[in-house]
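Heads up: the structure comes next, in structure tokens.
The values are calculated or read from the model by the stated rules, or taken from the named source; none is laboratory data. Computed from a prediction, not measured in an experiment: that's the story for all the values here. Every residue, glycine as well, gets a Cβ built from its backbone with ideal geometry; the counts of neighbours run over all protein chains shown. For the accessible areas, the whole protein counts, side chains as well, though only heavy atoms, and no ligand, DNA or RNA atoms are used. Shrake-Rupley method; radii C 1.70, N 1.55, O 1.52, S 1.80 Å.
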Amino acid sequence: MKEYNIVVASDKNYIGFVSVLFASILANKKKDENIIFHILANNIPSPQIQQIKEQIGNNGLYVYPITDFQKKLHTTLPDTIAITAYARLLLADILPETVNEVLYLDCDIIVNQSLSRIFSLDISNYAVAGVLDTLPNIESKRKIGLQENDPYINSGVLYINLRKWRTDQIKNHFMTFLLQHNGCVHHHDQGIINAVLDKSKLIIGPEFNLTSNYFTHKYNYLKKRNNPFYTYEEIERAKKNPIIIHFTEGFLDRPWVIGSKHPFKDKFLTYKKASIVADEPLQASKKTWYVKLLGYEFTHLPLIFYQTTSLLLSLLSKLIKK
């Protein structure tokens, strides 16, 4: 029996998405695969945890309270991100030492196939395996000390070598980097992971973390802004048959939003029916009129329309602030 350890970090607001994610994993696992779930829990009510236990049946579930997590960082974080996201930096300490490799997944994800391919990767010489981010840009790299051509991964899907994290005391390096930047790191924990693990990242294909930008941004647009990056063929194959689908924020509404046009919306809704939020209604879109306008122009019109509107809105915003 193959044993796969999977970890998520959540609070009470996202536990419903965790349930959908778990439903997708269990629907796609093979008979010879045993899934062990780990939840880094920030004030998740006991009844919701009990519902998750009932949902996953005989599969293992371990819950780790991280309510006092802020104290372990020894610094104040910006209020633009949930503190729960930073918990992944301490995974080597939080999870049992018997867990040597673990797959970290963000909550806004579903799995579309067995996870055997990612768990069969050899990461013995790497601290982490991840997928290149779609829009890091030069500034994102420069602000954390990376060079223009250094790889930069999306931290929503991370196959982690916990053995190496413990041996190399990587948690201490994470904390040192955070303190050196007074708690304000560009792109938060993702920036920390990319900076500290710069030379110890295994880059894997986009099928392991298919984000929403692949469906709205033209290949040449992405390629021009990323180095290194994937080939057109690699991305097209991933879009047709992804292993992990990541519903990142962008021009596409996410599948739990009314009117979403995400290509994998129906997959999400199928797994939602098997989750603890099966009966909860879809949400109304929170996008402002100008974000919707920019999204339409970017995806349907020549790029000059999007660029012109972006510039005008930026100038208008500055005038209003004055």
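Figures for the structure shown
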| item | result |
| --- | --- |
| Scan of segment 260-287 for residues that are within 10 Å of Ser19 (Cβ to Cβ) and either in contact with a His (Cβ under 7 Å, 6 or more places away or on another chain) or β-branched (Val, Ile, Thr) (or both), ordered by number | Ile276, Val277 |
| When residues of segment 273-293 are limited to those that are hydrophobic (A, V, I, L, M, F, W, C) and assigned to a helix (DSSP H, G or I), the one surrounded by the fewest Cβ atoms within 10 Å (Cβ to Cβ) | Trp289 |
| Some residue of segment 294-301 being in a loop (DSSP other than H, G, I, E, B) and surrounded by fewer than 18 Cβ atoms within 10 Å (Cβ to Cβ) | yes |
| Enumeration of residues in segment 123-156 that are more than 22 Å from Asn220 (Cα to Cα), among the aliphatic types (A, V, I, L, M) and touching a helix residue (DSSP H, G or I) at 6+ places or on another chain (Cβ under 6 Å) | Ala127, Ile144 |
| Single condition Glu54 does not satisfy, out of (1) modelled with pLDDT of 95 or more; (2) surrounded by 14 or more Cβ atoms within 10 Å (Cβ to Cβ) | (2) |
| Pairs with Cβ under 8 Å, 6+ apart, first in segment 291-303 and farther than 13 Å from Thr216 by Cβ, second in a helix (DSSP H, G or I) | Leu293/Thr309 |
| Hits in segment 223-232 (condition: in contact with a helix residue (DSSP H, G or I) (Cβ under 7 Å, 6 or more places away or on another chain) and open to solvent by less than 20 Å² (accessible area, probe 1.4 Å)) | Tyr230 |
| In segment 233-264, the residues that are free of Cβ contacts under 8 Å to residues at least 24 places away in the same chain and open to solvent by 60 Å² or more (accessible area, probe 1.4 Å) | Glu233, Lys240, Lys261 |
| Check on Asn182, assigned to a loop (DSSP other than H, G, I, E, B), surrounded by fewer than 16 Cβ atoms within 10 Å (Cβ to Cβ) and more than 18 Å from the chain's Cα centre (by Cα) | yes |
| Whichever residue in segment 186-198 is touching a Pro at 6+ places or on another chain (Cβ under 9 Å) and assigned to a loop (DSSP other than H, G, I, E, B) and, among such residues, is most open to solvent (accessible area, probe 1.4 Å) | His187 |
| Criterion (modelled with pLDDT of 95 or more and of a type in the set (A, V, I, L, M, F, W, C)) met by exactly one of Leu222, Leu202, Leu178 | Leu202 |
